[in-house]
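Following: one structure in structure tokens, then a few remarks.
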Amino acid sequence: MRLLRVPVLALLVLLVAFPVYVTLTTAFLDPAAVAAGRLWPDPRAFTFDNVRAALQSIPLLRQYGVSAAVTVLQAGSQVVLGALAAYALVFPSWRGRGLALALFLATLAVPGESTVIPNYETVTSLGLRDTVLAVALPFLCAAYPVFLLRQAFSDLPREVWEAATLDGAGHLRILVRVVVPMARGHLATAALWSALAAWNGYFWPLLITDSPDARTVQVGLSQLVVAEGSTPGVVYAGTLVVLLPTLLLVLCGQRFLVRGLAARQS
């Protein structure tokens, strides 16, 4: 089994890395080299014209800003509200705490498609349609960060909270000064998961926005496919530009993602 481990892992890495390699090379090849379909293209055929064409075909830079704003707003809100809810579910003793946790966990089983129409009607009635806030509003709070942070706070020594309470510290001060510094890794995990979900959102931004300037990069990428479908190099260049933030997040925070997966399975 040890002898087979290396070739099997190498094969799995190849299967995962090959689509990334194809995207990376095609994004910087001229149309003639793309049509040739060579696995190892001629380095002289590399060009940055596809990236420029992708940026000019749709307002990709503007949509980058929209996606960044949605990601910061959505992930930041989910982490802050998740920390507040998790603190309330762990440290103070109050009647109905177990029921509240069960209700939070029950929302994880609700299909997202079932809330689309109520969310659409609510956002439209507030006059927020076709705005950045409309994209992030239904997702300012999520059950998974609450669950993840609740698990993390439960592992902290309760004696620390009791000591801070005896010193006269309020709940908000204990959360900010005591609990949060002791659970920085789990907070980073929750922020990373929320940021990836916000950046990769597609259906809701497509539904709630009309103008290209209010849409996110994922919706813009689908528009690029329609506009530049006959030039694969431009489409791959736009895909690469959209993928870069998520690739950097995954590479820099992979240990936090593994921790989140372990917490989710437990």
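The values are calculated or read from the model by the stated rules, or taken from the named source; none is laboratory data. These numbers were taken from a predicted model, which means no experiment stands behind them. All Cβ positions, even for glycine, are placed from backbone atoms using ideal geometry, and neighbour counts span all protein chains on display. Heavy atoms of the whole protein, side chains included, go into the accessibility calculation; ligands, DNA and RNA do not. Shrake-Rupley method; radii C 1.70, N 1.55, O 1.52, S 1.80 Å.
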- Per residue, how much accessible area does the chain show when a 1.4 Å probe rolls over the protein heavy atoms, in square angstrom? 58
- Task: Pull out the extension gain between residue 52 and residue 68, defined as 0.36 nm times the separation in residues minus the alpha carbon to alpha carbon distance; nm, one decimal.
- Result: 3.7 nm
- Per 10 Å bin from zero, what fraction in whole % of the C-alpha pairs of the range 69-213 is there, up to the bin with the longest pair? 11, 36, 30, 17, 6, 0
- Note on the structure: Membrane-span-like helices (DSSP H runs, Cα span along own axis at least 20 Å, mean Kyte-Doolittle at least 0.5) in the chain -> 2-27, 60-90, 184-199, 232-252
- Message: From the alpha carbon gyration tensor of the range 1-152, can you work out the equivalent ellipsoid semi-axes (sqrt of 5 times each eigenvalue) and give them in Å, largest to smallest?
- Response: 43, 27, 13
- Task: Using +1 at the Cβ of each Lys and Arg and -1 at the Cβ of each Asp and Glu in the chain, identify which of 221, 148, 60 lies farthest towards the dipole's positive end.
- Result: 148
- Message: When 1/r is averaged over all different Cα pairs and the result inverted, which Kirkwood radius in Å belongs to the chain?
- Response: 21.4
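Roughly to the nearest percent, how much of the accessible area of the range 1-157 is carbon and sulfur, given a 1.4 Å probe?
Carbon plus sulfur share of accessible area: 71 percent.
Test of understanding: express the Cα radius of gyration of the range 133-186 as a ratio to 2.2 N^0.38 Å, with N the residue count.
Cα Rg divided by the expected 2.2 N^0.38 Å: 1.40.
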